[in-house]
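What follows is a single structure, written as structure tokens, with notes after it.
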Amino acid sequence: MKVIFLGTAGYVPTEDRHTNCVLIKDLDLILDAGSGFFRFPKFINPAELHILLSHFHMDHIGGLTQLKGLLRDKKTKVVNIYGHTGIKKAVTELFSPPYFALPLEKHPFKILLKEVGNSKFSINGAKIISKVFPHSNPRFSVGYRIEYKGKVVTFVTDTIISNKQKDFVRNSDLLIHEAYYPKGYEEPAKREWHSITADVAKLAKETGCKKLALYHFNRIFDPKLFDKEAKEIFSNSLLPEDLTEITV
């Protein structure tokens, strides 16, 4: 699988980093649709596009409203958008006045909203396992485990590290996990339901993951700090830049 990081920042984009969006090119599959979403047409031109949403905060879904413009010259006929309970309400409202002028049903391609929770389903030959983790508001974030041709990519963001994640991420070839706060910021991390970098690195090490990609950075810190803290615990961690490509 070729994994391309289209946006790596959490909440606020920077000059160098857009917000949350990861493409798995082989599967025409996108994880979250933050401000980095606009980049995906450079890499794929699918008849059917699949978008897996972790939750409905704007830095994870705001890019969806770009679909009509981004697919103007593409062959895409169907866009499948997956998410937890409330996806139909959340996305329909996003595409409605006063937020947006073009309703879902007026787009020149079909947009299908699909509800997932603790689920198993398939996309283009890949086995997808979705799992619901707690978050502050709304009180969930969906993680996705993608198994394809003997390889595993797991994606978890906007939640606190817990034992519930261990079996879900175990033996991942690539674990993509948010690292929003460095050490010393345990209190705001707990309050906001975000992860401490050291805890993410421990999770990767304890569960036999082969590679860890840190993701969803807090812009008030130098990203190199996250990289340093992770490598002290799990040496095979990396700090993707926007447009970094990893082959799994």
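The values are calculated or read from the model by the stated rules, or taken from the named source; none is laboratory data. Quick caveat: nothing in here was measured; it's all calculated off a predicted structure. Please note: Cβ atoms are built from the backbone with ideal geometry, for glycine as well, and neighbour counts cover all protein chains shown. To get the accessible areas, we keep the full protein, side chains included, count just its heavy atoms, and leave off ligands, DNA and RNA. Shrake-Rupley method; radii C 1.70, N 1.55, O 1.52, S 1.80 Å.
Couple of notes before you dig in:
- Dipole magnitude (debye, nearest 20) for the chain, charges at Cβ of Lys, Arg, Asp, Glu: 780
- Each Cα pair of the chain feeds into the Kirkwood radius, which the Stokes-Einstein equation turns, at 20 °C and 1.002 mPa s, into a diffusion coefficient of 120 µm²/s.
- In terms of its C-alpha gyration tensor, the range 93-173 has an oblate overall shape, because the principal axis ratio a/c (a ≥ b ≥ c, square roots of the eigenvalues) is not below 1.5 and a/b does not outweigh b/c.
- Beta bridge orientation in the range 134-248: antiparallel %, DSSP, nearest 5: 30
- Acute angle (nearest 10 degrees) that the helix 197-206 long axis makes with the longest principal axis of the chain, alpha-carbon atoms: 80
- Among the protein heavy atoms, those of Y11 account for about 150 Å² of accessible surface (1.4 Å probe, every chain in place).
- Measuring against 29 Å, Cα to Cα, the residue pairs K25/K114; K25/K120; K114/K151; K183/K211; K120/K224 contain K120/K224 as the ones spanning a longer distance.
- Accessible surface, per residue, of the chain when the full set of protein chains is kept, probe 1.4 Å, Å²: 44
- Heavy-atom accessible surface of the range 26-89: percent carbon and sulfur, 1.4 Å: 52
- Rounded to whole Å, sorted largest first: equivalent-ellipsoid semi-axes of the range 1-117, Cα gyration tensor: 19, 17, 14
- Signed unit charges on C-beta, dipole axis of the range 77-178, positive-most listed residue L104, N80, V142: N80
- Length added when fully stretched, F43-E232, from 0.36 nm per residue minus Cα-Cα: 64.6 nm
- Annotation: amide H of H55 within the under-5 Å range of V142, sequence separation 5 or more or interchain, hydrogens built in the peptide plane.
- The slack in the chain from K224 to N124, taken as 0.36 nm per residue of separation less the alpha-carbon distance, amounts to 32.4 nm.
- Solvent-accessible area assigned to carbon and sulfur over the range 105-248 amounts to 48 percent, based on a 1.4 Å probe.
- The label point for E187 and the one for K151, both projected 7 Å from the Cα toward the Cβ, are 4.4 nm apart.
- T14 versus L94: modelled label distance in nm, points set 7 Å from Cα along the beta carbon direction: 2.5
- Between L243 and R72, the modelled label-to-label distance comes to 2.1 nm, taking each label 7 Å out from Cα in the direction of the beta carbon.
- Counting only DSSP beta bridges with both residues in the range 43-195, the antiparallel share comes to about 55 percent.
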